[in-house]
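S.K.: Below you'll find the structure I mean.
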Amino acid sequence: SLAWTPDGTRLLSGGNRDDPTIREWDSLTWQQVGHPWVGHTSFITAIAIHPAGTLVASASEDNHVCLWRPPDQQIITTFPHLKPLYSITFSADGRHILSGGEDKIISEWAVPKNANSKASFHSSIL
């Protein structure tokens, strides 16, 4: 899975079953930025970046959505599913996450009000 930041300066990649991490890449140098983001336990099937670039959501075959804070690569919260997930997106206003997977159900999750800080990807490298 791949996802660009809104400003195009970073690319996020999702790992496989052997390395279920998210990696952040600088699009000018193609060098990895920081350490891998650790939290999933199986293949990361989809990544979505908040419209403001302040949050990341990831979906996995481990049946969970993780909501991340980019500057410190920490999980803010997780949302469980009954089966593996294959797609994820933020709503246009960034207030909700929608996910879908093997259970053929589209789930809608509210982004916690305290989750959206003003820090984005650039803050993580300053």
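S.K.: How large is ³J(HN,Hα) for each residue in the range 6-12, as worked out from phi by the Karplus curve 6.51 cos²θ - 1.76 cosθ + 1.60 (θ = phi - 60°), to whole Hz, x for Gly and Pro?
M.R.: Rounded to whole hertz, the list is x, 8, x, 8, 9, 10, 9.
S.K.: What is the set of long-range amide H partners of Val111 at a cut-off below 5 Å, with H atoms built 1.01 Å from backbone N?
M.R.: It is His96, Ile97, by chain and number.
S.K.: Then there's this: Report, in debye and to the nearest 20, how large the dipole of the chain comes out about its Cα centre when Lys and Arg carry +1 and Asp and Glu carry -1 on their Cβ.
M.R.: 280 debye
Quick note: the coordinates plus some simple rules give every number you see, no bench work behind them. The structure presented is a predicted model; accordingly, all values stated were derived computationally and were not measured. So basically every Cβ, Gly included, is an ideal-geometry build from the backbone, and we count neighbours across all protein chains shown.
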